[in-house]
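Colleague: Okay, here's the structure, questions in a sec.
The values are calculated or read from the model by the stated rules, or taken from the named source; none is laboratory data. All values reported here derive from a predicted model rather than from experimental measurement. Glycine gets a Cβ as well: all are built from the backbone with ideal geometry, and neighbour counts include every protein chain shown.
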Amino acid sequence: MLATGITHTISFTVTDTLSARSMGSGSLDVLATPAMIAGMENVCMNCVQPHLEGGFTTVGTKVDISHISATPVGDTVTFTCVLTEVDRKRLVFSVEAFDSAGKIGEGTHQRFIVDSVKFTEKAYSKKK
């Protein structure tokens, strides 16, 4: 059962492929904002996945994130989240990101619990 207060942490090293220049979101060799947001979504997904019934997962539906400091390629970024709200299938997280010099990002992220098969079938039915 999901309850508010559960936390999770992940880390990764910023590679060239995660840079703003490589991802097309900027022209500099620093962590791209989309890559930071993906890390934030990932830590939230992995926070709750072990608590879900088999065949269920979560999908991101909303982000309200501030990218407050640049991180150079080669540095390590650590993401932490706290599940702050559970409203049936809607989950809200507080999330932060840090590099070796301090906080680089913060905000909230919303996810919904979905049945993996039904969700995928519905998405792919658009191709018919």
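Colleague: Mind checking which residues of the range 73-89 are part of a strand (DSSP E or B) and free of Cβ contacts under 8 Å to residues at least 60 places away in the same chain?
Modeller: Listed by number, the list holds a single entry, ASP87.
Colleague: So which residues in the range 41-60 are exposed (fewer than 13 other Cβ atoms within 10 Å of the Cβ) and either in contact with a strand residue (DSSP E or B) (Cβ under 6 Å, 6 or more places away or on another chain) or under 15 Å from VAL117 (Cβ atoms) (or both)?
Modeller: Those that are exposed (fewer than 13 other Cβ atoms within 10 Å of the Cβ) and either in contact with a strand residue (DSSP E or B) (Cβ under 6 Å, 6 or more places away or on another chain) or under 15 Å from VAL117 (Cβ atoms) (or both): GLU53, GLY54, GLY55.
Colleague: Just to be sure I understand, how many residues within the range 11-38 are of a type in the set (Phe, Trp, Tyr) and surrounded by fewer than 13 Cβ atoms within 10 Å (Cβ to Cβ)?
Modeller: Selection size over the range 11-38: 0.
Colleague: So which residues in the range 35-67 are in a loop (DSSP other than H, G, I, E, B) and either without any contact (Cβ under 8 Å) to a residue 40 or more places away in the chain or on the phi < 0 side of the Ramachandran plot (or both), if there are any at all?
Modeller: Passing the criteria: LEU52, GLU53, GLY54.
Colleague: Mind telling me which of the residues ALA70, ALA101, ALA32 ends up being more than 30 Å from LEU2 (Cα to Cα), in contact (Cβ under 8 Å) with a residue 40 or more places away in the chain and among the aliphatic types (A, V, I, L, M)?
Modeller: Going through ALA70, ALA101, ALA32 in turn, just one is more than 30 Å from LEU2 (Cα to Cα), in contact (Cβ under 8 Å) with a residue 40 or more places away in the chain and among the aliphatic types (A, V, I, L, M): ALA70.
Colleague: Suppose the filter is surrounded by fewer than 16 Cβ atoms within 10 Å (Cβ to Cβ) and modelled with pLDDT of 95 or more; does HIS8 pass it?
Modeller: No; evaluated as a whole, the condition is false for this residue.
Colleague: Let me ask something else. Only one of (1) at positive phi; (2) over 12 Å from the mean Cα position of the chain (by Cα); (3) in a strand (DSSP E or B) fails for GLY107. Which number is that?
Modeller: With respect to (1) at positive phi; (2) over 12 Å from the mean Cα position of the chain (by Cα); (3) in a strand (DSSP E or B), GLY107 is out only on (2).
Colleague: Among the numbered criteria (1) under 17 Å from the mean Cα position of the chain (by Cα); (2) surrounded by 15 or more Cβ atoms within 10 Å (Cβ to Cβ), which one does ASP75 miss?
Modeller: (1) is the only condition that ASP75 fails.
Colleague: Do we have any residue at all in the range 90-103 that's in contact with a strand residue (DSSP E or B) (Cβ under 7 Å, 6 or more places away or on another chain), surrounded by fewer than 16 Cβ atoms within 10 Å (Cβ to Cβ) and of a type in the set (Ser, Thr, Tyr)?
Modeller: Yes, because at least one residue in the range 90-103 is in contact with a strand residue (DSSP E or B) (Cβ under 7 Å, 6 or more places away or on another chain), surrounded by fewer than 16 Cβ atoms within 10 Å (Cβ to Cβ) and of a type in the set (Ser, Thr, Tyr).
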